[in-house]
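Here the structure comes first, spelled out in structure tokens, and everything after it is commentary.
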Amino acid sequence: SNLKEVIVMNMAQIVAVGLVGTILCLMIKEQRPEISLLIAVTTGVLIFVYLCSRLGILLSLLEETAEKAGVSQGYFVIVLKVTGIAYLAQFGMQLCNDAGQTSIAGKIELAGKVMMMVVSAPVLLSLLDVVMGLM
């Protein structure tokens, strides 16, 4: 229950930062669009850094649950890496899209997909070994 209250407060802080950034962007956009973009990017980075600082709680909970479920540490790490890559790619894409750079955003998306495949390759190879052993 206490954790839920903390999460709600954290979310309220994130929303507050987002709203302040949005209001500043709207106020400045007409006169100085480049400053407005800088405020938008800075706001996004602040929110992202704040979220990263809170990930420890989630990682501990997931690690504990994975141990109880008997999930291999190697697989758990791979899932975390793939998830991290997905979030980073999404964040980078959004920043590029905000700046009007859809082409670069598309390249980040492609890179994220390739990197997720590279990181998850050991799981795929392990699965193939199991399938080949059944034949």
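The values are calculated or read from the model by the stated rules, or taken from the named source; none is laboratory data. Keep in mind that what you see is a predicted model, and the values were worked out from it rather than measured. A quick note on method: Cβ atoms are made from the backbone with ideal geometry, for glycine too, and the neighbour counts reach across all protein chains shown. Only protein heavy atoms, including side chains, enter the accessible area calculation; ligands, DNA and RNA are left aside. Shrake-Rupley method; radii C 1.70, N 1.55, O 1.52, S 1.80 Å.
Could you say whether any residue in the range 47-58 is out of contact with any strand residue (DSSP E or B) (no Cβ under 8 Å at 6 or more places or on another chain), within 30 Å of P122 (Cβ to Cβ), open to solvent by 60 Å² or more (accessible area, probe 1.4 Å) and of a type in the set (K, R)? Scanning the range 47-58 turns up at least one residue that is out of contact with any strand residue (DSSP E or B) (no Cβ under 8 Å at 6 or more places or on another chain), within 30 Å of P122 (Cβ to Cβ), open to solvent by 60 Å² or more (accessible area, probe 1.4 Å) and of a type in the set (K, R). Can you find even one residue in the range 114-124 that is open to solvent by 90 Å² or more (accessible area, probe 1.4 Å) and under 29 Å from M11 (Cα atoms)? The answer is no; no qualifying residue exists. Taking the range 61-110 as the range and being of a type in the set (G, A, S) and either in contact with a strand residue (DSSP E or B) (Cβ under 7 Å, 6 or more places away or on another chain) or farther than 22 Å from I14 by Cα (or both) as the test, the residues that pass are A66, A69, G70, S72, G74, G100, S103, A105, G106.
Among the residues of the range 19-38, the one identified as modelled with pLDDT of 95 or more and in contact with a Gly (Cβ under 9 Å, 6 or more places away or on another chain) is G21.
Restricting the search to the range 91-110, which residues are of a type in the set (S, T, N, Q), over 18 Å from G21 (Cβ atoms) and surrounded by 14 or more Cβ atoms within 10 Å (Cβ to Cβ)? Within the range 91-110, Q101 is the sole residue that qualifies. Applying the condition of being over 27 Å from I57 (Cα atoms) and of a type in the set (S, T, N, Q) to the range 6-42 and asking which residue is surrounded by the most Cβ atoms within 10 Å (Cβ to Cβ) yields S36.
When the range 36-49 is filtered for residues that are in contact with a helix residue (DSSP H, G or I) (Cβ under 8 Å, 6 or more places away or on another chain) and more than 13 Å from D98 (Cα to Cα), the ones remaining, listed by number, are L46, I47, F48.
Every listed requirement among (1) modelled with pLDDT under 90; (2) open to solvent by 80 Å² or more (accessible area, probe 1.4 Å) is met by K81 save one, (1).
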